[in-house]
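Each reported figure results from applying straightforward, stated rules to the coordinates on display, with no laboratory input. This is a predicted model, so every value here is computed, not measured. Cβ: placed from backbone, ideal geometry, glycine included. Neighbour counts: every protein chain shown.
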Amino acid sequence: MEQWQFGSIIEGLKSIAGEKSVLSDKESLLTYESDGLTMDTAVPWAVVFPVSAEQVSEIVKYLTGNKIPYIPRGAGTGLSGGCLPVKGGIVISLTRMNRILEIDIENRFAIVEPGVLNEEVTDAVKDHGLHFSPDPSSGQASTIGGNIAENAGGPHTMKYGVTVNHVLGMEVVLPDGDIVELGSSTLETQGYDLVGLMNGSEGTFGIVTKAIVKLIPLPETYLTFCGIYNSVDGAVNTITQLFKAGITPVALELIDKVYLKGLNEAFDMDFPTDAEAVMIMELDGPEEGMDTLREKVIDICRENDMRDVQIAADSDARKKLWTTRKHATAALGRMTPFYYTQDGVVPRTRLPEMLKRIREIARKYNITIANAFHAGDGNIHPVLLYDERIKDEKTRVLAASGEILETCVEMGGTISGEHGIGSEKKKYMKLVFTVDDLEQMKDLKGVFDPEGFLNPGKIFPEEN
Ligand SMILES: Cc1cc2nc3c(=O)[nH]c(=O)nc-3n(C[C@H](O)[C@H](O)[C@H](O)COP(=O)(O)OP(=O)(O)OC[C@H]3O[C@@H](n4cnc5c(N)ncnc54)[C@H](O)[C@@H]3O)c2cc1C
């Protein structure tokens, strides 16, 4: 685009959203060149901050009319490049649409704007004994709009389900500028499940401008503890044995040896650094019977190579354990200048084999790989440590991460558990989908976005 044309586009956006609601200077735009992922970068042409669905609609119509791509963005914590303007274009930031509009305690739902942060919903209702269940580790920073777009999961989704299971309805601005309402505040809706369709659509079907989210009761009590394991296999076998015994923990989070020293230093923990793995386990439910259940679980853990157990004695200790888990990756910053988080899934029972393969891949590419993951879901998150300044190291990390995803598929799993495909993983889509599958998905995208200006360059492999 010529500079004079660009200037007039910026003026057009300002006339819709307001003088102070458009960023177009180079320095400010650099802030938006990446998301939580460190590999892909793309600087937007401008960023606009609407405050209402009507403004979003006007912006979308204006940009489409001028044949300019646009990309919805929440907090930018995504880990697959979903909010990056990889084909150029204007970022529409939803962060100023950050109000909780309604809380209905009796009917257990809340209506929120898309820029409300995940944990803000629970904070607003926990005194009423309720919470918004999906709890990504990024919950302090990520937005409800981003959670919906990525169908976010978290430690507690093993028992309670991912974001799609907790969204009742939404308001969406479609690529033609129409503002539509999908679903409702009741549990059942008629017709196609378009709310389900929007969840996990990675900002490629429309822009969520309002969400009706489900609130569910907090359990009467939690029992949280950490098993110290002599072997990763032992920890994973524990999971299989717990399910066999008919016990469904609310969370099972495995952290491997590579992390332990960093976690001790960063969070004042005392994990023995000669352990092979620690597993954070949580049970929830009525207080009555919880002690008996705990003994049963600990017996199963001990039969599976657990050498010690640290029990969270009170809510502060529980909070500390969860902070340690949720911020674990950041602690790796003590060990490495750069890291790259991968996300894949294998059937739960194949986790020991998968971790062995990850160790082999690390050796093959001469890099260190740390693992902290939602073990109960078979959702792995290998973190590949590297130093961009060392020749070829980034290339080796990318090759290793591709091999990890191929191994997941080989084992009957898939290429993303919760971070989405975005720009990062589009080249791996052919590992799990045929060309015909991809064409059908493109047709679906075309129903919503026939002109293709909404978040282009995502999900589909370039050559397809
Ligand atoms: C430290 C860390 C821990 C994490 N832990 C987890 C975890 O446990 N579980 C998990 O699932 N993810 C996790 N993530 C990934 C990330 O936080 C989630 O994908 C989150 O849902 C992204 O929300 P966001 O607001 O940052 O969205 P962004 O990164 O801004 O955008 C993500 C995608 O959503 C789209 N989008 C954003 N807002 C809207 C909207 N209003 N309408 C339509 N599309 C929209 C964007 O176009 C993009 O495709 C983690 C990330 C980090 C950095």
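What does the extension gain come out to for residue 427 and residue 43, with contour length at 0.36 nm per residue minus their alpha carbon separation? Could you put the intermediate results ahead of the total?
Working: separation 384, 0.36 × 384 = 138.24 nm, distance 2.13 nm.
Net length gain for the segment: 136.1 nm.
Test of the criteria: in segment 66-147, which GluC sites (Glu not before Pro) are in a DSSP loop and have at most 16 other Cβ atoms within 10 angstrom of their Cβ? Please report the intermediate quantities before stating the final value.
Working: sites: 102, 106, 119, 120; in loops: 106.
The qualifying sites are 106.
Shape of segment 11-79 from its Cα gyration tensor (a ≥ b ≥ c, root eigenvalues): rounded if a/c is under 1.5, otherwise prolate when a/b > b/c, or oblate? Can you show the working numbers first?
Details: a/c = 1.87, a/b = 1.69, b/c = 1.10.
In terms of gyration-tensor shape, prolate.
Rank-order 41-50, 89-98 by packing density, defined as the average count of other C-beta atoms within 10 Å over each peptide's residues, highest first. Write out the running numbers ahead of the final one.
Working: 41-50: 20.7, 89-98: 22.2.
Ranking the peptides 41-50, 89-98 by packing returns 89-98, 41-50.
What's the angle, to the nearest 10 degrees (0 to 90), between helix 393-410's Cα axis and the longest principal axis of the chain?
It works out to around 70 degrees.
Show me, for segment 93-98, the HN-Hα J-couplings you get by feeding each phi into the Karplus relation (A = 6.51, B = -1.76, C = 1.60, θ = phi - 60°), rounded to Hz, glycine and proline as x.
3J(HN,Hα) across segment 93-98, in whole Hz: 8, 9, 5, 8, 9, 10.
Find out how many positive minus negative residues lie around residue 289, taking Lys and Arg as positive, Asp and Glu as negative, among other residues whose Cβ is under 14 Å from that of residue 289.
Values: positive: 294, 296; negative: 220, 284, 287, 288, 291, 295.
After counting each charged neighbour, the total is -4.
Using only the Cα atoms of segment 262-410, build the gyration tensor, take square roots of its eigenvalues as a ≥ b ≥ c, and label the shape rounded, prolate or oblate: rounded if a/c is under 1.5, else prolate if a/b is larger than b/c, else oblate. The partial results should precede the final answer.
On the way: a/c = 2.48, a/b = 1.65, b/c = 1.51.
Here segment 262-410 falls in the prolate category.
Residues with amide H under 5 Å of residue 46's amide H, sequence separation 5 or more or different chain, H placed in the peptide plane at 1.01 Å from N; which?
Placed amide hydrogens put 91 under 5 Å from residue 46.
Run the helix sum for the chain: -39,500 (n - 2.57) per DSSP H stretch of 4+ residues, divided by residue count, reported at 222 nm to the nearest 500 deg cm²/dmol. Intermediate results must be reported in sequence, preceding the final value.
Numbers: 16 runs with 160 residues, N = 464.
Value at 222 nm, helices only: -10000 deg cm²/dmol.
Charges on Cβ only, +1 for Lys and Arg, -1 for Asp and Glu, centred on the Cα centroid of the chain; of 91, 355, 328, which one is farthest towards the dipole's positive end?
Checking the options against the dipole of the chain, the answer is 355.
Give the Rg (one decimal place) followed by the Dmax (whole number) of segment 221-330, computed from C-alpha coordinates and expressed in Å.
Cα radius of gyration and Dmax of segment 221-330 are 13.2, 38 Å respectively.
By how many nm would the segment from residue 244 to residue 176 grow when fully extended, if each residue of separation counts as 0.36 nm and the alpha-carbon distance is taken off? Display every interim value, and only then the final one.
Working: separation 68, 0.36 × 68 = 24.48 nm, distance 5.09 nm.
Contour length minus the Cα-Cα distance gives 19.4 nm.
Report, in degrees rounded to the nearest 10, the 0 to 90 angle that the Cα long axis of helix 435-448 makes with the longest principal axis of the chain.
Here the helix axis deviates by roughly 50 degrees.
What ³J(HN,Hα) values, in whole Hz, does the Karplus curve 6.51 cos²θ - 1.76 cosθ + 1.60 give for segment 103-110 when θ = phi - 60°, with x put for Gly and Pro?
Ordered by residue, 3J(HN,Hα) equals 10, 10, 5, 4, 8, 6, 8, 10 Hz.
Using per-residue counts of other Cβ atoms within 10 Å, averaged over each peptide, order 73-85, 184-196 from highest down.
73-85, 184-196
Please give the charge dipole size of segment 100-217, origin at the Cα centre, charges +1 on K and R Cβ atoms and -1 on D and E Cβ atoms. Round to the nearest 20 debye.
On the way: 5 positive and 17 negative charges, 72 e Å.
Dipole of segment 100-217, to the nearest 20 debye: 340 debye.
Residue-wise, which Karplus ³J(HN,Hα) couplings in Hz belong to segment 155-172, taking 6.51 cos²θ - 1.76 cosθ + 1.60, θ = phi - 60°, and x for glycine or proline?
x, 8, 6, 4, 8, 9, x, 8, 3, 4, 6, 10, 10, 8, x, 6, 10, 9
Sort 368, 238, 64 by Cβ crowding within 10 Å, fewest neighbours at the top. Please report the intermediate quantities before stating the final value.
Values: 368 14, 238 26, 64 19.
By the 10 Å Cβ count, ascending: 368, 64, 238.
When a footprinting reagent is the concern and you count Cβ atoms within 10 Å, what order do 173, 162 take, fewest first?
By the 10 Å Cβ count, ascending: 162, 173.
Could you calculate, for segment 100-217, the ratio of the Cα radius of gyration to the Kirkwood radius, expressed as Rg to Rh? Before the final figure, lay out the partial values.
Details: Rg = 13.1 Å, Rh = 14.0 Å.
Reported Rg/Rh, Kirkwood definition of Rh: 0.94.
Which far-off residues, 5 or more places away or on another chain, put their amide H under 5 Å from the one on residue 152, with H placed in the peptide plane?
163
Once amide H atoms are placed 1.01 Å from N in the peptide plane, what residues at a sequence separation of 5 or more from residue 285, or on another chain, have their amide H within under 5 Å of its amide H?
Here 220, 221 satisfy the definition.
In degrees from 0 to 90, rounded to the nearest 10, what is the angle of the helix 53-65 Cα long axis to the longest principal axis of the chain?
Result, in degrees: 60.
Sorted from fewest to most neighbouring beta carbons within 10 Å, what does the list 70, 339 look like? Intermediate values should be presented prior to the final figure.
Details: 70 27, 339 19.
Fewest-to-most ranking of 70, 339: 339, 70.
So for the chain, what are the equivalent ellipsoid semi-axes in whole Å, largest first, each being the square root of 5 times an eigenvalue of the Cα gyration tensor?
Working: eigenvalues 287, 144, 79 Å².
Working from the Cα gyration tensor, I get semi-axes of 38, 27, 20 Å.
Based on the Cβ-Cβ distance of residue 192 and residue 388, what FRET efficiency does E = 1/(1 + (r/R0)^6) give at R0 = 41 Å, to the nearest 0.05? Don't jump to the answer; show the numbers that get you there.
Values: r = 46 Å, r/R0 = 1.12.
Result of the calculation: an efficiency of 0.35.
At 7 Å along Cα-to-Cβ for each site, give me the label-to-label distance between residue 274 and residue 288 in nm.
According to this spin-label approximation, the distance is 4.6 nm.
Would you list which lysines come within 20 Å of residue 159, measuring only between C-alpha atoms, while excluding same-chain residues fewer than 8 positions from it?
Here the lysines satisfying the reach criterion relative to residue 159 are 126, 214, 244, 296, 319, 326.
Run the quick spin-label model on residue 52 and residue 5: label points 7 Å from Cα toward the beta carbon, then report their separation in nm to one decimal.
The modelled label-to-label distance comes out at 3.1 nm.
Based on the mean of other Cβ atoms within 10 Å per residue, sort peptides 351-362, 274-285 so the most packed one is first. Don't jump to the answer; show the numbers that get you there.
On the way: 351-362: 18.8, 274-285: 21.8.
For the peptides 351-362, 274-285, the packing ranking is 274-285, 351-362.
For the pair residue 307 and residue 105, how long in nm is the line joining their label points, each one 7 Å along Cα→Cβ?
5.0
What is segment 328-461 by shape, rounded, prolate or oblate, if you read a ≥ b ≥ c off the alpha carbon gyration tensor as root eigenvalues and call it rounded for a/c under 1.5, prolate for a/b larger than b/c, and oblate otherwise?
Numbers: a/c = 2.12, a/b = 1.55, b/c = 1.37.
The shape class here is prolate.
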